[in-house]
1. Longer than 31 Å from Cα to Cα, which of LYS22/LYS234; LYS22/LYS124; LYS137/LYS172; LYS171/LYS234; LYS22/LYS160; LYS34/LYS172 are they? Say none if no pair is.
2. Report, in debye and to the nearest 20, how large the dipole of the stretch 9-73 comes out about its Cα centre when Lys and Arg carry +1 and Asp and Glu carry -1 on their Cβ.
3. Convert each backbone phi in the stretch 65-76 into a coupling constant with the Karplus relation 6.51 cos²θ - 1.76 cosθ + 1.60 (shift: θ = phi - 60°), then list the ³J(HN,Hα) values in order as whole Hz, x for Gly and Pro.
4. Mind checking the full-extension length gain between SER52 and ASP14? Use 0.36 nm per residue of separation minus the Cα-Cα distance, one decimal, nm.
5. Between ALA38 and ASP83, what is the label-point separation in nm under the 7 Å Cα-to-beta-carbon projection?
6. Each residue of the stretch 153-164 in turn: what ³J(HN,Hα) in whole Hz from Karplus with 6.51, -1.76, 1.60 and θ = phi - 60°, glycine and Pro shown as x?
7. Could you give the nm distance between label points at VAL97 and GLU140, where each point is 7 Å from its Cα heading toward the beta carbon?
Amino acid sequence: MKPLKEKTTASENDSLVDRVEKHIIEYIKENALKAGDALPKELEFAETLGVSRTAIREAMLRLRTLGLVESRKHRGMVILEPDLVHNFEKMLDPALVDVGRLSNLFELRLMLEVGMADFVFARKTPRQLKDLEDIVKNSEEQRCDSFNFSIEEERQFHGKLYEMAGNDILKKFQDVFMPIFQYVHDLNRYQAAYILPEGGKQVTHRDLLEELKQGTPFSFRELMREHLNAHYIKVLGISY
């Protein structure tokens, strides 16, 4: 195992705790430590880096907050497998993030939903299609108008598609995006309603479901783009 680096050097932009945190992360990477491996004791870090145990403790607290380490009885600080999406979610309260960043996240959701068609087709199962059918039937029985659509209906239908894509991180992002989607939707609630182009047809969840059963990844992707067209118009000012 590689030794700890020597004493920290001053940096114009970093605080002492910032520098200690970087040293600890470098130590983890250089020694290829994995989840379950223990870190050296606070005293060893403090003596090698030439800082107080308080600085080491504060740096460790940051890493614990990020989910990178945890304290275990008789072992001290142990490396964890970080839950990246969970940390992301904790910072994304719409009330704490500016509108510009929320809009960027909203755009990211559009990009993901159009881009995941191939994965949905490759990994969908009959059971998942049945679940999606049940979601659509239930929403049709409780149909809202297009302006006051149900956020819960959106969460269930699109959340199932995220699940069908078979990517755990993508599925977790659905939980992050829905509060953002609700917030951006509410901001635009009293804007002029989206008007379909002449001869156009609103693409419903039923349409998407049938395309998922009978179509191709390409046709489903195209239909999903049409389904989200109102949002693209608001974001980009262009129609499909």
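1. Table pairs above 31 Å Cα-Cα are LYS22/LYS234; LYS22/LYS124; LYS22/LYS160.
2. Magnitude of the dipole: close to 340 debye.
3. Here the 3J(HN,Hα) series is 4, 7, x, 8, 9, 8, 8, 10, 4, 6, 10, x Hz.
4. 12.0 nm
5. Reported label-point gap for ASP83 and ALA38 is 2.6 nm.
6. Going residue by residue, I get 4, 4, 4, 5, 5, 6, x, 5, 5, 4, 5, 5 Hz, with x marking Gly and Pro.
7. For VAL97 paired with GLU140, the spin-label model returns 3.5 nm.
Coordinate-derived values only; no laboratory data. What you see is a predicted model; the values in this text were computed from it and never measured. All Cβ positions, even for glycine, are placed from backbone atoms using ideal geometry, and neighbour counts span all protein chains on display.
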